[in-house]
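The values are calculated or read from the model by the stated rules, or taken from the named source; none is laboratory data. The model shown is predicted, which means the values in this text are computed figures rather than measured ones. Please note: Cβ atoms are built from the backbone with ideal geometry, for glycine as well, and neighbour counts cover all protein chains shown.
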Amino acid sequence: MDLFERISADIKAAMLAREKVRLETLRGVKKEFLEAKTAKGGDGSLSDDAAMKILAKMVKQRRETAAIYEEQNRFDLRDNELAEAAVIEEYLPKQLSEDELTEELKKIIAQVGATSPKEMGKVMGIASKALAGRADGKAISAKVKELLN
């Protein structure tokens with residue numbers, strides 16, 4: 001069962017369980033998937049890799065919005081955004097811990113042979129592809145910077 005079918009099945013389950021936040025979130029995810037499937041230049045299908053990118057983007061948007069709501073003391077809206085992010089994260093691969101991220105990046109740095117911050121671009125190119133969906137881009141960038149200094 002691919003991710004699109006799994007989301008559709010989970011929408012039905014959320015309807016039956018009357019889980020409002022989960023249902024609304026999954027409907028939003030399905031909408032994004034359908035838009036990606038029918039986008040101009042597309043072949044009418046959606047690979048799991050493309051779906052993962054969409055999910056990661058949606059989680060990032062929810063977290064950024066939650067941070068804005070927190071600054072404005074709108075905790076009710078913040079909590080809703082964080083709940084939606086948690087639902088979407090269930091479909092993403094397990095995120096790397098800071099120690100695991102450091103180990104992976106050390107391997108990549110050794111593989112590339114980078115020794116100075118000037119070579120950060122080489123490392124980031126490989127790291128962002130290798131760790132896509134398993135670590136946030138900002139976290140990867142900060143850790144690479146730290147390791148190369």
Next on the checklist: Cβ contacts < 6 Å: first residue in the same structural domain as GLY28 (by TED's automatic domain parsing) and at pLDDT 90 or above, restricted to the stretch 1-13; second residue surrounded by 13 or more Cβ atoms within 10 Å (Cβ to Cβ) and basic (Lys, Arg), any location; separation 6+ or different chain. Result?
Outcome noted: ILE7/LYS30
Checklist outcome for this item: Note: among LEU105, LEU82, just one is at pLDDT 85 or above, part of a helix (DSSP H, G or I) and not assigned by TED's automatic domain parsing to the domain that holds ALA51, namely LEU105
Item to check | Those residues of the stretch 124-145 which are outside any helix (DSSP H, G or I) and under 14 Å from GLN111 (Cβ atoms), in sequence order | outcome: LEU131
Item to check | Qualifying positions in the stretch 71-101 - exposed (fewer than 15 other Cβ atoms within 10 Å of the Cβ) and of a type in the set (Ser, Thr, Tyr) | outcome: SER97
Item to check | Residue list for the stretch 13-63, filter: closer than 13 Å to LEU3 by Cα and part of a loop (DSSP other than H, G, I, E, B) | outcome: SER45, LEU46, SER47
